[in-house]
Each structure stands twice: as structure tokens, then as C-alpha cells.
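Each reported figure results from applying straightforward, stated rules to the coordinates on display, with no laboratory input. Not measured: the values here are computed from a predicted model. Every residue, glycine among them, receives a Cβ derived from its backbone with ideal geometry; neighbour counts consider all protein chains shown.
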């Protein structure tokens, strides 16, 4: 799978990608003396080319694939176009319309590819070639990335591959990078991605944004996949694994994209608000020595105020549209926690209410668990233990580290130290992040001997 | 594009239905077939005799091995099919969800391999 070249700096801001004029500013002028490779000038030019290429990538794949339904062929054609761009642009300067330049090259490659596959040019190909011709002549290439996202998250596509598919087809990440973020082998990830793309082509999944009647359900699958991409990256909170740290940025980029393309969908705004809140607190989640710091003990001055402000504005805007949903509620929880930590004013009652609403939508045992922890802050640990979800009702809880950590914490608070010690044992045994494990071990070691 | 909609359901259900219910069931399938035909989507369809009538054939070492019974012995059995014409998967899935079989069984939707 050829991925687009992408520099591993933070993703380009979306507004820049939507404004064709900005592309011009980035124009690299040809110089009378060509910069040599590895000189700062060459590197800058290369980075600029890579950046423009990256911003155009999803748009071009979506545009090409929407006509052929062949995502893999679109990617192959584009990766050849990008390779050409990266060798041409640094020395000759970026073209005034880089997207049209890339499309022209990619179009030529994809027609070649079709011709190689079949001896005769079918009417379908001629249609495609004509429509691509027309598009290349236009100054603006229609943005079909949203339709592409709906294809990637189509219910006919295996749920677990939707997020990787988006990362590849819309952002151009290669299978190796995705595999490492999703803790699987590149070969296995490639195979699943190929299978998904084959399914899109063979079953003719349509490239379009679903109509009003289907939209709520279909949008959920898109948002869930973006969220899954973020959660995958988030599970390396130490940020020691570059591939996974980058994944949270890529997921935020996708969330920004969906929110920008569907500015009237409150849940799309809610998801972006949620991810921005999480991103804002990332610098405070670890001590200098890499230890895990729980929310209540974080230094709020390390939080990114700008991201928090942006999240709050999004949430406010989403609320004004007036259709509550899971992601808005999750973002509202983040907002409430931030407010409490900054002002010192307890708002646990509000938090319990948000959890109630969230539970009504999701019936998730994890929500019930967090709701119980909020109750602990109002009515004490004994009430919280009584409000905890029943492990027999959902066996998945038995393997859920935070369930055992929460239980241990509450048991310790009522003086049931022996039971608390045991619950900590299970929590530690289930955790894969060494820093969180250390945190739990410290808590466990601090338990007094015997029950009180 | 053509898609084959194969209908799987628990055959025992049919025998348990009263004659009135059976009649109603047949009427629902007739109506569905008419709707498909009216929309120009129907290519062909058939209901199959129960899986007890099935015989499987396989050639092993040049000899035909004939066995009584269906290929897969599961609770839900292939009971019929619709071959339809649809512009894309969403349209085919939408036809599948309207089929009465989707309410008392499951429908598999697969594109036809174009030669």
C-alpha cells in the first residue's frame, strides 16, 4: 500500500486546508541555484511539498475512488503522483494549484493502470477519464472526503477496521504506522485493509453522504471510528510510542474534518469537543519522571487553555442546536471536571446527572462505574460501592482494570483494607501500562494493615 | 449491479404456523415480489423445498459421492432467493430489509460475480 508522504509534524490546521489561497503563500519559488538535498532550503521545500501533498491527499483519494469505487487503485495512482511531486516541487517550486497538478498525474497513472489490467478501454473507463479530465480543468476539486468517511465506516465494513481504513484512505497513513498504533503486525493490518477495500469495490458501497433518514445511525459509526482511532493513541498516555502519540493527533484531525464538513451536526461537534478536552490535559497526565497523575492531582496550569476554550465553544454551539447525544454528554463531563478543578467548586451533583443521561443512552457498565465514583464524592464510599455495577451483569467488567482500581479505592475508604488489597492485585494484573501499574502499586502499598 | 439475496430461516417455524398465518406469510412474500418487479429490480426469485429434500454431491477420486441432507446442518436453512438489480450496496441492503424473510430469519446479500 503506498501511503502519501507525510511529515510527522502536527497535522496542518483544517482551515488552511480548506482555503486554496493559503496554498499559494506556501509556494516555493525556484531559485537560480537549486538547493542541494539536505540543505535547510531543500528540507523546507520538501516539507512544504509534503505538507501540501498531505492536505490534498484525502481529497484526491476520495475524488478518484468515488468514480471507480476502487480505493486501492486510487491510492496507488496517488502515491505515484506524490512521489513525482516530491521529486519535482523542491527544485522547481510548488505549482500554483498543487491539487490539480497531483490529480493530473494521478489520473494519467490510473488510466494506465486500467489499460494494463484490461486490453480494451471500457465505456466505464472512458466515462471516468472524461470526468477526471473535466475535474482537472476545474480550479476547485470537489471535496468528497465526507462521503469517503461514510464509506470507511459503512456498516458492511468490519467494525474493527473502520478507523484504520479512515486513517489510510483519508489521511494517507501507511499500514505499518497504523499496525504499530493498533498493536498488530503490518502484514495482518494490510490484509484486513485490502479485504475492506475489496469489499467496497466488489459490493459497490456508494460514495455518498446518507440521506436524512439514515444519517443519525450512519454518522454514529463515523464518529465511533474516529473516537476509536483517538482511544487507540490515548492508550499510550506516556507518549513514549511515537506512532501512537501521532495517532491521537491524526484522530483530532479527522474529528476537525468531520466537524468542519458537518457543522450543523451536534454530535460531530461534541466529539471534537471531547477530543480537544482530552488533548488539552495531555501535558499534565504524566510527571517529569513519567508517573501517572490522576485528574484530581493534575497541575491545571499545564492544561492547554486554548484547546479548552475551543472545546467549550464547540460544546456551547452543539448545545444550541438541541439534539443531545453521547459525545456531547462525554464532552460536558470533561467540561465539568475542568471547571471543578479550576474553581475548586464541587459540582458532583451535575456530574451524576450527566452520567444518568449518558447511561440512559449507552447502558454502558463503564458509565455506571464512573457514576458510582461521582456518587462517592457526594454520599461517601459505602453508597458508591452499593451503586457500582454488578460484575455478574456484565462479565467484561471482570477484565476492566478501572473497575478493580475503583473498587479498591472505595474499599480502602471504608476501611476494608484486605479486600482493597485484593482488588488492587487484580487491577495491577490487568494493566499493561507500566506507569499506571506503578501508580496502583503505590496506592496498594499505602494501605494500612488489617481492616479498620 | 446484480445482487443475490439468500433467505435463511428456521424451517420449523413454518409448520408451527396456523393456516391463516401461513396464508398471510405467503401474501407478504407475494407483495414483496410485486414491489420488486414494479421497481424494475426483480431479476428472478424462487422458494425452495425444505432442506430435508436436499441431496449433496461431491466428486472424490473420480467417484460421485451422493449424500442425503443439506450442505450445512444448521438451525437456519436456505429457504429461497431473490436475484435483484440495484445501483449499489445501500440500495440492495434496503431491499433486503424490506423482505419478509428479514423479520423471521436472516438475509445474506452478495454481489454477482460479473464475467
Q: Throw me the Rg/Rh for region A:307-452, computed over C-alpha atoms with Kirkwood Rh, two decimals.
A: 1.01
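Rounded, prolate or oblate for region B:1-50? Axes are the square roots of the Cα gyration tensor eigenvalues, ordered a ≥ b ≥ c, and the cut-off for rounded is a/c under 1.5.
Here region B:1-50 falls in the oblate category.
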Q. Based on the Cα gyration tensor of chain B, what are the three equivalent ellipsoid semi-axes, each the root of five times an eigenvalue, rounded to whole Å and given largest first?
A. 26, 22, 11
Q: For residue B:68, put the label point 7 Å out on the Cα→Cβ axis and report which residues of region B:9-38 keep their amide N under 11 Å from it.
A: none
**Q.** Residues residue B:46 and residue A:176, FRET efficiency given R0 of 51 Å [Cβ-Cβ distance, rounded to 0.05]
**A.** 0.60
Q: Any chance you could tell me what percent of the C-alpha pair distances in region B:50-115 go past 13 Å?
A: 72
Q. Taking other Cβ within 10 Å of each residue's Cβ, how do A:99, A:431, B:21 sort, fewest first?
A. B:21, A:431, A:99
Q: Figure the gain on full extension for residue A:321 and residue A:195 (residue separation times 0.36 nm, minus the Cα-Cα span) and round it to one decimal in nm.
A: 41.5 nm
Q. How big is the Cα convex hull of the protein assembly as shown in projection, averaged over all directions, in nm²?
A. 36.2
Q: Kindly provide log₁₀ I(q)/I(0) values, in the same order as q = 0.19, 0.28, 0.30 Å⁻¹, from the Debye equation applied to equal alpha-carbon scatterers of region A:370-409.
A: -0.50, -0.95, -1.04
Q | Stokes-Einstein D in µm²/s, Kirkwood radius over Cα pairs - region A:145-198 at 4 °C with 1.567 mPa s viscosity | A | 119
Q. Short version: what are the Cα gyration tensor semi-axes of region A:263-345, square root of 5 times each eigenvalue, largest first, in whole Å?
A. 25, 12, 10
Q.
Given R₀ = 30 Å, what would the calculated FRET efficiency be for residue A:445 paired with residue A:299, taking r from the Cβ atoms and rounding to 0.05?
A. 0.80
